[in-house]
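One structure is given below, encoded as structure tokens.
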Protein chains: 4
Amino acid sequence: MKALVYLGPGKKALQDHAMPEIAAPTDAIVRITKTTICGTDLHILKGDVPTCEPGRILGHEGVGIIESVGSGVTAFKPGDRVLISCISSCGKCEYCRKQMYSHCTTGGWILGHKIDGTQAEFVRIPHADTSLYPIPEGADEEALVMLSDILPTGFECGVLNGKVAPGSTVAIVGAGPIGLASLLTAQFYAPAEIIMIDLDDNRLDVARRFGATATINSGDGKAAEAVMAMTGGRGVDAAIEAVGIPATFELCEKIIAPGGTVANVGVHGVKVDLHLENLWDRNITITTRLVDTVSTPMLLNVVKSKKLDAAQLITHRFALDDILDAYETFGHAADTHALKVIIAAVQPGGETVGPGQAARDLS
Amino acid sequence: MKALVYLGPGKKALQDHAMPEIAAPTDAIVRITKTTICGTDLHILKGDVPTCEPGRILGHEGVGIIESVGSGVTAFKPGDRVLISCISSCGKCEYCRKQMYSHCTTGGWILGHKIDGTQAEFVRIPHADTSLYPIPEGADEEALVMLSDILPTGFECGVLNGKVAPGSTVAIVGAGPIGLASLLTAQFYAPAEIIMIDLDDNRLDVARRFGATATINSGDGKAAEAVMAMTGGRGVDAAIEAVGIPATFELCEKIIAPGGTVANVGVHGVKVDLHLENLWDRNITITTRLVDTVSTPMLLNVVKSKKLDAAQLITHRFALDDILDAYETFGHAADTHALKVIIAAVQPGGETVGPGQAARDLS
Amino acid sequence: MKALVYLGPGKKALQDHAMPEIAAPTDAIVRITKTTICGTDLHILKGDVPTCEPGRILGHEGVGIIESVGSGVTAFKPGDRVLISCISSCGKCEYCRKQMYSHCTTGGWILGHKIDGTQAEFVRIPHADTSLYPIPEGADEEALVMLSDILPTGFECGVLNGKVAPGSTVAIVGAGPIGLASLLTAQFYAPAEIIMIDLDDNRLDVARRFGATATINSGDGKAAEAVMAMTGGRGVDAAIEAVGIPATFELCEKIIAPGGTVANVGVHGVKVDLHLENLWDRNITITTRLVDTVSTPMLLNVVKSKKLDAAQLITHRFALDDILDAYETFGHAADTHALKVIIAAVQPGGETVGPGQAARDLS
Amino acid sequence: MKALVYLGPGKKALQDHAMPEIAAPTDAIVRITKTTICGTDLHILKGDVPTCEPGRILGHEGVGIIESVGSGVTAFKPGDRVLISCISSCGKCEYCRKQMYSHCTTGGWILGHKIDGTQAEFVRIPHADTSLYPIPEGADEEALVMLSDILPTGFECGVLNGKVAPGSTVAIVGAGPIGLASLLTAQFYAPAEIIMIDLDDNRLDVARRFGATATINSGDGKAAEAVMAMTGGRGVDAAIEAVGIPATFELCEKIIAPGGTVANVGVHGVKVDLHLENLWDRNITITTRLVDTVSTPMLLNVVKSKKLDAAQLITHRFALDDILDAYETFGHAADTHALKVIIAAVQPGGETVGPGQAARDLS
């Protein structure tokens, strides 16, 4: 089968690769229909994720069709259409029993990281019963690809952890795909104000279209002052960090109101300065979280009931054969205005989608 | 001044009445601009509320202008435009310190009940600093009358107590003004389904317009079966009782899913049957609540940010001189299709609104 | 093997019975070392539980040693010492993923009810990985039998649902084993007062020894008045119903303070009167719950750290051969002062405990 | 009257000072019977708190007798015995209505900081109705001095914010008076393990006596390794920082388990390093808090019911005339083994306690 393989820092290729096989009774093999690329995949390619070794098939998002299941799988059978969670969860360990699937002792984020991932024609999913979700009849499968990672991440790490509430004031720092996922899902809770902060005016335009009530281009280094002015000097109830660098985290420290919460979503590579000399008496909360995808069933309900249009995050579509182009487009988002790119691996009928065909058929 | 006075069961009159006076340093006198009638006022008139004695000016909702304040009032001064909470709260007692203002040991629901109320040209408000709210510049004052009682009641007793959550399934039994207030505010939490149940098709039409995803006319006695069919036999996560009779409460018992919550909003005059023989092992919660109006600041934010159009609950407008007509209209809602009626007591300029004038000027 | 078999209302026998066998890959067979009798077993014998059919081996509590496991069991192996939860949980279904194991779609309370139970030499445990718990080295196994049902039930249904908190006032109605389990575990939260109410002075003596700060014998029908006097007319913050009849539930309705919670633990056979005409405006919560045993790992920690002496609930010990005597003793608790009786099925060495032997060896 | 006055960095004196007077209708004048010294007072004396200006009477803790009240005070009258909260709260502002009294817009921590404090014969208390608490009949007034600041601080900032729960594992870094207050109040929630970490073996001895299940002297720089060894490599569920320097905060970062909470109690003067490169995916929470004293009524209940022996924090007693000696003793705690020192200002009969007399009478 075809698969996008990481070959060490800066190197990747679309290669022929052996088919995955059932390795444990709780495994399933899924034929991928649609997958996508995540910012984390770019991090791996830069060499920032040493736990991901060369030879690994990348990708931790996607939808597909069950090809085969191990003897211990009871919830799925071949032919079932499924959503793949970016988090594998055994459902049995201490952490899974506390709904902290991200820290599953035999799972967590392993797909496209410690085991082969979804940017391929087929993928092996461990703990299938508790790591896959049935796709409701008539659902828009492309939209559901957004539920593998980006929407639960924006929602759980940003909105739930940030305790976004009706009437409250929220700032989201970073209007990339994850920040926009926080923006979309923050609106489940009817906050009065959502202030979106980024360096890219195009993304701020998208944010306004997606429901931001105000936007700030932080290029002038005065975003904190702007937020304080907008909030009457009070600051925001929730500050969602969706970038992952010290400057954006420290901006959140500056704009958080007494009693508020800084919810970190970004993946950080270095330490940040925590100004406890200012914050020790401000009654604030800071949270970190690797997504648990515990909200996936809820998000499926919300998408099914049309309260959330997940598809609006999709800007480009490619066939699996063109995945290198997809990486090119996604990796140059400032120029291409890419948010999420859909990669079509297998056609509904079962044949692999050929070069150029996806764009023609699906866009 | 003119005032609508309760004269014993079945009797009321628009009378001349002595002006209220500051009785404690924490009192304020408010000149009423707009008030309204509540279902509870009708209960008092039927003689159902023996704690309300003849001679009492009715009404516990309204907006107005501060006329004078006692020496202990620090948050308001004459001329300030204010929203009156239906709940008076001292801010000091055990219950107020726990945000349970409904049980304030020297307040709670006393307006138009144990002390004279708002259906008059002026009203005395005890504990003014903690029982009035400043009206934001440019706000629609008629809409804000809905924040005195009906919206916090629907929200706190129904939506908050019912733990309405994104993606969840909600049933609201009773599509009167309170049930509709629950319907409007339930949408702060993006539930996937809101099923509205009533006997009146007109109100169910209104409910659909206000955001209900399904409606059931319970006239055939088969509402429970209908809800179970709609939810795949599972029942609803939150059942909000907004009527106040045994039949509607027991309907909620029948449709609640395991793990769900029955949130009682209705005012009950007799006991109900609680079928613990069916419910003891269903992991359900039942709540009761007299509104605390603890959510008023939040609701003001939400109205200000245009996330909630409170004015759509208003169907009729009258001058204070025509308040008996207003009672007639509100009391025959099945025929008049009345939801909330606005009674204009004082014109913006300060003169009392004359007969017929309100309808002409304001509707 | 020997087993205590239900033979229809009023009838039971200690019989020879076929050994259980692995029926699904996730099953385990456990050799029972210690088991006990629950009030629910007496209900079954009275014919109150029609879902339990004649021929069923009773019992849903116990500890033992893994005899064999199915191919899908990964957490246990033959020889492991285990605690059996009274609730079987698949870990996969909608309810299990929400930690509501009591409503597991293929589990819940099935042991000694819908499938054969633990009052036998061996038992089959479905969903073994998520329904058994490893016994820590050096633990008192008799004490751990209290963790199969009674302690999680008293804790989850009574204490957690009742939101018992530091400094609060608690009443527990019913000083039987379950009420006493609530009493013991309520003390995890340092309430200021725990008032125990029962008809049996002996049990009230036990309650005082177990930490009750006050006791009331309700034989004179004036328990409500006594509680109100003790609480300055305010009532209690949490009222835990641990009997299961209308009179005791309605007592809880009378003594609950504004803002308080009535946590139902009792198994009810008939409806109760819910006096909403008094309670609609009291801001109270009523909860029901079939134990989820979600707190079992926590309780194991607490027992291990010596913060809870579970063994003090044990009053009598019998061999499996004498289980009919054990039923006799447990069924006449008013005379025998029995709380929980331990039934020893298998000796540490592996031989079945013979008649009379348990009492001699273990008491 | 006599008062301990701050005279600029390093300087203080016991001086004659003008009596305080009622300045607002909501003020009360309290005759101090017992007060104490806080670590914060030492910070002020070092010049670390520039918002406290020379000429200020220090002290924010104490009990006393109401001398006089303003016209707006309704809850207290001259002669009432009262506990003084270190936090003044108006009960009216946005923050007070959310129970965040620490951020009261006209209160918060002002006593002995922005207005004159309690280390004097008399003190003016603003917002008296909501900043004083009646002392229950028969209470140990010395013990209650611990409720002005230290116990609510240890409890709210450490235990509540740290979400200490039954069966959980807690580490407290710093065994000074505040850390010990966290230790005492953590036991309200029956954690399985409480590990106390400090440099001073004497304080660790005290900690063991107060209920710590393990202690670590961090002098060898290996405290993190020791905690990880004690917890099987997992870390602690709650890490309470009760020192206020980077090293101790960063120790908390190292020992916190996935899903755990670092609750900061310490007063920090400089920034700390937050290692988000390690923590971004660990699902942790960090909290800061200036005590709100919202738990004071609860703590009064707990002390009254003998569930907490607050007096054991008291090691030394002085008369107000000897307050410079008291500072000396408290300021050299490593040598004197002082925890909290009681300063007796006025005798029960009303006369000022003379030099040497307190120690004689009260110890």
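Derivation of every value follows stated rules applied to the coordinates shown; laboratory data play no part. Nothing here was measured: the structure is a model prediction, and the numbers come from that model. Note that we place each Cβ from the backbone using ideal geometry, even for glycine, and neighbour counts take in every protein chain shown.
For the protein assembly as shown, the antiparallel share of DSSP beta bridges with both residues in that region comes to about 55%.
Percent of C-alpha pairs per 10 Å bin in the stretch B:111-172, short distances first: 16, 37, 30, 14, 2. Taken one residue at a time, the phi angles of the stretch C:10-25 give Karplus couplings (6.51, -1.76, 1.60, θ = phi - 60°) of x, 10, 8, 7, 8, 10, 7, 9, 4, 5, x, 10, 4, 10, 9, x Hz. Gly and Pro are set to x.
Spin-label model, B:D273 to D:A18: label points 7 Å out along the Cα-to-beta-carbon direction sit 7.6 nm apart. Taking only alpha carbon atoms, the stretch B:272-312 gives an Rg to Rh ratio of 1.28, where Rh is the Kirkwood radius.
Relative to the longest principal axis of the Cα atoms of chain C, helix C:177-186 runs at roughly 70 degrees.
Couplings 3J(HN,Hα) of the stretch A:66-79, computed from phi: 4, 9, 7, 9, x, 5, x, 7, 10, 8, 9, 9, x, x Hz, in residue order, whole Hz [Karplus 6.51 cos²θ - 1.76 cosθ + 1.60, θ = phi - 60°; x for Gly and Pro]. Within chain C, DSSP assigns beta bridges of which about 50% are antiparallel (rounded to the nearest 5). Taking K and R as +1 and D and E as -1, what net charge do the other residues with C-beta under 10 Å from the C-beta of D:T74 add up to? With Lys, Arg at +1 and Asp, Glu at -1, the neighbours total +1.
When the stretch D:51-101 is described by a simple charge dipole with +1 on each Lys and Arg Cβ and -1 on each Asp and Glu Cβ, the residue from D:M100, D:F76, D:I57 located farthest towards its positive end is D:M100.
Taking the Cα centre of the stretch D:36-143 as reference, the dipole from Cβ charges on Lys and Arg (+1) and Asp and Glu (-1) amounts to some 500 debye.
Label-to-label distances for A:D205 across copies, nearest first, come out at 4.4, 7.4, 8.5 nm, using points 7 Å from Cα in the beta-carbon direction. Around the Cα centre of the stretch D:168-319, unit charges on the Cβ atoms of Lys, Arg, Asp and Glu (plus for the first two, minus for the last two) sum to a dipole of about 640 debye.
At the listed q of 0.11, 0.12, 0.14 Å⁻¹, the Debye profile of chain A, built from one uniform point per Cα, gives log10 I(q)/I(0) equal to -0.72, -0.86, -1.15.
Under a 10 Å cutoff between Cα atoms, tell me which one of D:D237, D:D140, D:D198 has the largest fluctuation in the Gaussian network model of chain D. Residue with maximal mean-square fluctuation among D:D237, D:D140, D:D198: D:D140. Which of rounded, prolate, oblate describes the stretch D:1-126, given a ≥ b ≥ c as roots of the alpha-carbon gyration tensor eigenvalues and a/c under 1.5 marking rounded, otherwise prolate only if a/b is larger than b/c? Because a/c hits 1.5 or more and a/b fails to exceed b/c, the stretch D:1-126 counts as oblate. Label-point spacing for D:T51 across the identical copies (point 7 Å from Cα in the Cβ direction), in nm and ascending order: 4.1, 4.2, 5.9. Scanning residues 5 or more positions from A:G62 or on other chains, those with amide H under 5 Å from its amide H are A:I84, A:S148, with H placed 1.01 Å from N in the peptide plane. For peptide B:187-194, the mean count of partner chain Cβ atoms within 10 Å of a residue's Cβ comes to 6.
Within the shell defined by Cβ-Cβ distances under 13 Å, the residues around D:P177 carry a net charge of -3, with Lys and Arg each +1 and Asp and Glu each -1. Between identical copies, the spacing of D:A24 label points, each set 7 Å from Cα toward the C-beta atom, reads 1.9, 6.3, 6.6 nm from nearest to farthest.
Taking Cα atoms only, the orientation of helix C:246-255 departs from the longest principal axis of chain C by about 50 degrees. A simple spin-label model places the labels of C:H332 and C:A247 2.3 nm from each other, with each point 7 Å out along Cα-to-Cβ.
Partner shielding of B:336-345 amounts to 0, given as the average count of beta-carbon atoms from other chains within 10 Å of each residue beta-carbon. Close amide-amide hydrogen proximity is noted between A:L111 and A:S88, each under 5 Å apart and 5 or more residues distant or on a separate chain (H modeled in the peptide plane; Pro and chain starts excluded).
Taking the Cα centre of the stretch C:267-319 as origin and assigning +1 to Lys and Arg Cβ atoms and -1 to Asp and Glu Cβ atoms, the resulting dipole is close to 420 debye.
Shape index of the protein assembly as shown: Rg/Rh, with Rg the Cα radius of gyration and Rh the Kirkwood radius from the inverse mean 1/r over Cα pairs, equals 0.96.
The alpha carbon convex hull volume per residue for the stretch C:13-80 rounds to 115 Å³.
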